[in-house]
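Input: a single structure, listed below in C-alpha cells.
The values are calculated or read from the model by the stated rules, or taken from the named source; none is laboratory data. Given the structure is predicted, the values throughout are model-derived calculations rather than measurements. A quick note on method: Cβ atoms are made from the backbone with ideal geometry, for glycine too, and the neighbour counts reach across all protein chains shown. To get the accessible areas, we keep the full protein, side chains included, count just its heavy atoms, and leave off ligands, DNA and RNA. Shrake-Rupley method; radii C 1.70, N 1.55, O 1.52, S 1.80 Å.
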Amino acid sequence: KVVSLIQDKPQFLVFSATMPKSLRIFINKYLSGVDEIIIEEKSLTKDAIEHVMIPCKARAKEEVLLELLETITPYMAIIFANTKEKVDHLSTFLANNNYKVAKIHGDLDERERRQILKRIHDLKYQYIVASDIAARGIDIEGVSHVISIGFPKNNLEFYTHRAGRAGRNNLT
C-alpha cells in the first residue's frame, strides 16, 4: 500500500546481516530488478571471539552455569535460553542464587523492554538472561561473555547472532 503511493521511481535498500529465505521471497515478490550484494566473511564469527563448549548432562546445566559464572567473573554476560519459559526459569534460578539479573524475551512490552535496557545501560545488571529475540537487533554495549544454555533448536544461525553480542568494537 505504501509503495503504491510513492511517485517516480523510488529506490529501496534492504540491509541485513543474514537474509532469511522468507524475506528474499517477499522482496522478490514486491520489488523488481533486485540486485543482491553478498559480503562473505572468512568465518561465521569474529576471530576475536573464543568459543568454548562445556559438555554436561541436561540436569546439571544450572549447576555448571553457577560454576562458570564464579570462574569467569564477566564484565557483563548474556545468557541465552531457547524458550521464554527457560528464560524465566533461569533468571529466577540465578536471582535465587544472589545474582542480580535482568531478563529479555518476546513477552515483554515495549515499555518494559526500554526500562530494562536503560537499567542495563546504567550497569544495574551484570547478567542478562535472554531469548533469541535479543540476539538480533538489540545492541548492548560492554558484553564480555555470551553463554548459550543449549544450541538454538530450529535455526543454528541464531548461534552466530548470539555470539555476535560480544566481540564488538574490537573487544574480545
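Contact list please: Cβ distance under 9 Å, first residue in the stretch 138-151 and in contact (Cβ under 8 Å) with a residue 40 or more places away in the chain and closer than 13 Å to Ile104 by Cβ, second residue in a loop (DSSP other than H, G, I, E, B) and small (Gly, Ala, Ser), pairs at least six apart or on different chains.
If the second residue must be in a loop (DSSP other than H, G, I, E, B) and small (Gly, Ala, Ser), the pairs left are Val143/Ala166; Val143/Gly167.
Are there any pairs, at least 6 apart or on different chains, whose C-beta atoms fall under 8 Å, with the first in the stretch 37-62 and more than 21 Å from Ala77 (Cβ to Cβ) and the second at pLDDT below 80 and part of a loop (DSSP other than H, G, I, E, B), and if so, which?
none
For every residue, the table says whether it meets (1) at pLDDT below 80; (2) more than 27 Å from Gly142 (Cα to Cα); (3) under 21 Å from the mean Cα position of the chain (by Cα).
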| position | (1), (2), (3) |
| --- | --- |
| Ile6 | no, yes, no |
| Lys9 | yes, yes, no |
| Leu13 | no, yes, no |
| Pro20 | yes, yes, yes |
| Val34 | no, yes, no |
| Thr45 | yes, no, yes |
| His51 | yes, no, yes |
| Ala60 | no, yes, no |
| Glu63 | no, no, no |
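Report the residue count in the stretch 113-170 for those that are open to solvent by less than 50 Å² (accessible area, probe 1.4 Å), out of contact with any helix residue (DSSP H, G or I) (no Cβ under 8 Å at 6 or more places or on another chain) and at pLDDT 75 or above.
Residues that pass the stated criteria total 6.
Could you tell me whether the stretch 71-90 includes any residue that is under 17 Å from the mean Cα position of the chain (by Cα) and free of Cβ contacts under 8 Å to residues at least 24 places away in the same chain?
Yes, the stretch 71-90 has at least one match.
Do we find a residue being modelled with pLDDT under 90, open to solvent by 70 Å² or more (accessible area, probe 1.4 Å) and of a type outside the set (Val, Ile, Thr) anywhere in the stretch 66-85?
Among the residues of the stretch 66-85, at least one is modelled with pLDDT under 90, open to solvent by 70 Å² or more (accessible area, probe 1.4 Å) and of a type outside the set (Val, Ile, Thr), which makes the answer yes.
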